[in-house]
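The values are calculated or read from the model by the stated rules, or taken from the named source; none is laboratory data. This is a predicted model, so every value here is computed, not measured. FYI the Cβ positions are ideal-geometry reconstructions off the backbone, even for glycines, and counts take in every protein chain you see. Note: areas computed on protein heavy atoms with side chains; ligands, DNA, RNA excluded. Shrake-Rupley method; radii C 1.70, N 1.55, O 1.52, S 1.80 Å.
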Amino acid sequence: ETLLRRALERHEFVLHYQPRVDAQSNQIVGAEALLRWQHPERGLVYPGDFITLCEETQLIIPLGEWVLQAVCAQQAAWRAAGHALVPVSLNLAANHLREPSLAPLVAHTLARHGLAASSIEIEVTESVLLVDPETSVRNAVALASTGIRMALDDFGIGYSSLSYLKKLPVSYLKIDKSFVHDLTTDPSDAAIITATIAMAHMLDLRVVAEGVETQEQLD
């Protein structure tokens, strides 16, 4: 915990950007900000090794604010360099969506960098509704009302996924990479993905598949 607090103070966290590619046009239509800890001795540390501790100690709140600030600063830098902007999505922990100040914080950060709401997207998991669902939904609706689009991450591996689709104002469903990995060899995974895509389109939602690495998976 002490090392993580120092990491925030010493700017040891970095973001990597993973492109989101349209399956039909092959054009980059978005990106996802992935958090990494550049530890001075251990090297690059992945979130699985420190996010849980951040959530338990409430460090996740200032860390999430840092990610938001860093993403907006990067978008502004890309724009200044003459690049066309695509929306960048960032993950928020369940703790964030219970913070009443979340929507004003996002709006203020965007305004400070001169960015439109369409510059970023917020990803949440189904766990946001496990504790204080009324506050979480209220804050999610407040975010959506400002033009921020939201995605439901890790769809299909949590609890009561379908019930959350009626409550959260999401625009995207993200298919977990565990389904994509064996898509071409496991008929069950193929059936789950086919059904998810069909259901999402019926609900007027976009679909993002994580971990597509081969031409067969893309097809």
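Checked against the criteria, His108 counts as open to solvent by 50 Å² or more (accessible area, probe 1.4 Å) and either within 26 Å of Asn139 (Cα to Cα) or of a type in the set (Asp, Glu) (or both). If only residues of the range 44-94 that are within 19 Å of Val14 (Cβ to Cβ) and in contact (Cβ under 8 Å) with a residue 60 or more places away in the chain are counted, the one that is farthest from the chain's Cα centre (by Cα) is Val88. Scanning the range 121-154 for residues being open to solvent by 10 Å² or more (accessible area, probe 1.4 Å), in a loop (DSSP other than H, G, I, E, B) and either over 22 Å from Ser178 (Cβ atoms) or aromatic (Phe, Trp, Tyr) (or both) gives a total of 4.
Let's see how each residue does on (1) modelled with pLDDT of 90 or more; (2) closer than 19 Å to Val29 by Cα; (3) in contact with a Cys (Cβ under 7 Å, 6 or more places away or on another chain):
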residue: Leu143; (1), (2), (3): yes, no, no
residue: Ile148; (1), (2), (3): yes, yes, no
residue: Lys167; (1), (2), (3): no, no, no
residue: Leu173; (1), (2), (3): yes, yes, no
residue: His201; (1), (2), (3): yes, yes, no
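Filtering the range 203-219 to residues that are under 20 Å from the mean Cα position of the chain (by Cα) and either under 19 Å from Ala31 (Cβ atoms) or part of a helix (DSSP H, G or I) (or both) leaves Arg206, Val207, Val208, Ala209, Glu210, Gly211, Val212, Glu213. Selection within the range 8-49: residues that are farther than 23 Å from Ile120 by Cβ and of a type in the set (A, V, I, L, M, F, W, C). The member of this set that is most open to solvent (accessible area, probe 1.4 Å) is Leu44. Counting only strands (runs of 3 or more DSSP E) that sit completely within the range 1-116, those holding 3 or more residues that are touching a Pro at 6+ places or on another chain (Cβ under 7 Å) correspond to 28-39.
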